[in-house]
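Have a look at the structure below, then the notes.
Read the figures in this text as sums done on the coordinates, not as results from a lab. All values derive from a computational prediction rather than experimental measurement. As a convention, Cβ positions derive from the backbone with ideal geometry for all residues, glycine included, and neighbour counts pool all protein chains shown.
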Amino acid sequence: MCTTDPKEHAHELIERLPPTQVAAVVGLLEAMLDPVAHALASAPMDDEPLSEEERQALARSEAWFQEQGGKGIPMEDVLADFGLTPEDVAEKSGSQH
C-alpha cells in the first residue's frame, strides 16, 4: 500500500524492516539531521597546495611511521599519556547519548 504522503510512506516502509535494518535507517536519519555531519559531507575537497613547512612535517611523520614498522601508537598508550583508560572514553561516549 503506497500513500501519497512521503512521511506516511516512510513510516510504512520502516514498519516492514527487521530491527537491524531499522537501526541502520535511524543512524542514517540522525546523520542527515545533524548539521555538522551534513556540512562535512557536503564540504568541497581541500585542494589548497601544501606549504613547504607542511610538506616537511608530512615527510617527518611518514618517516617516523616507517621506523615504527608501519604501526601507529596503540590507543591505550595515547589515553595513558592523558591519564585515561578505554573505559573512561566509553563512559564519556555513553553519557553523551
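Against the numbered list (1) surrounded by 11 or more Cβ atoms within 10 Å (Cβ to Cβ); (2) of a type in the set (A, V, I, L, M, F, W, C); (3) not in a helix (DSSP H, G or I), Ala80 comes up short only at (3). Could you tell me whether Glu87 is assigned to a helix (DSSP H, G or I), exposed (fewer than 10 other Cβ atoms within 10 Å of the Cβ) and acidic (Asp, Glu)? Answer is yes for this residue. Just one residue in the set Ala57, Ala31 is farther than 30 Å from Ile14 by Cβ and in a helix (DSSP H, G or I); that residue is Ala57.
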